[in-house]
Amino acid sequence: MIGMRNMVLAVAVLALASGPALAQSGATHRFTAGGKAFTVPVPQGYCLPSAETIALAEQVAALDTMNVIHANLDRCGSFGEDYVHIKSPRQSQPIPMPRADFVALIARELQSETGQQLTNDALEDAGRDVAAGTDGEIKLDNTVPRFAGQDDVCAYMALTGDVSGPTGSITMRGVICMTVVGGQFMNVNAYAIEAKGITDAQLKARARAIAASIAPAGA
């Protein structure tokens, strides 16, 4: 399942490194997905990668051969501790249905036996990709996914997992929003180190707010 694969690959960012980010809150980020241009406001307190973290962001993106990271938004002054990714599949196809219908469809799939098996398979595949892409230096363990509801913008999955790397192990928490914007399937994934005390409800609210703010360029 694409969404869960995105989530597992993204939690590996913390084990790569950390560094500062430039203050860019209030800016508008422009990106292309499925051949269409979109914009998203950079949320207050978050920053796009700076000169110091662009290479790290690209290293994380390279771990995922199935999807494109369109925006990597980190809490300003940190990297890999409290962040949001916007992604879409590299082999993207238009979604010919309204957002509400898509969200309902994905929510049903996530809760089905087939969807749960796809989720488990995606977790295993992504864990292997992370290990292979980092020469075994980064490992993901104890990943626990669960369906986290739906609303008018997203169908949600939540995840906790342990990330082990050269500097030790840490537990990450994440919530993924699966949605459609302008006929394009996107994931908005919000993450934080569990020790920061950020709840799933807070991560869910962040993902929803950002997903709701994405718009076709010129709209």
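A short reminder: the numbers here are calculations on the coordinates, not readings from a lab. What you are looking at is a predicted structure, and each value in this text was computed from that prediction instead of being measured. Cβ atoms come from the backbone with ideal geometry, glycine included; neighbour counts cover every protein chain shown.
Taking the number of Cβ atoms within 10 Å of each Cβ as an exposure proxy, the fewest-first ranking of D129, D141 is D141, D129.
Fewest Cβ neighbours within 10 Å first, please rank K204, K87 accordingly.
Values: K204 20, K87 28.
Fewest to most other Cβ atoms nearby, the residues stand as K204, K87.
Based on Cα contacts under 8 Å between residues 6+ apart, the chain shows a relative contact order of 24 percent.
Please list the three semi-axes, largest first and in whole Å, of the ellipsoid equivalent to region 86-208, using sqrt of 5 times the eigenvalues of its alpha carbon gyration tensor. Kindly include the intermediate steps, with their values, before the conclusion.
On the way: eigenvalues 137, 58, 36 Å².
Whole-Å semi-axes of the equivalent ellipsoid: 26, 17, 13.
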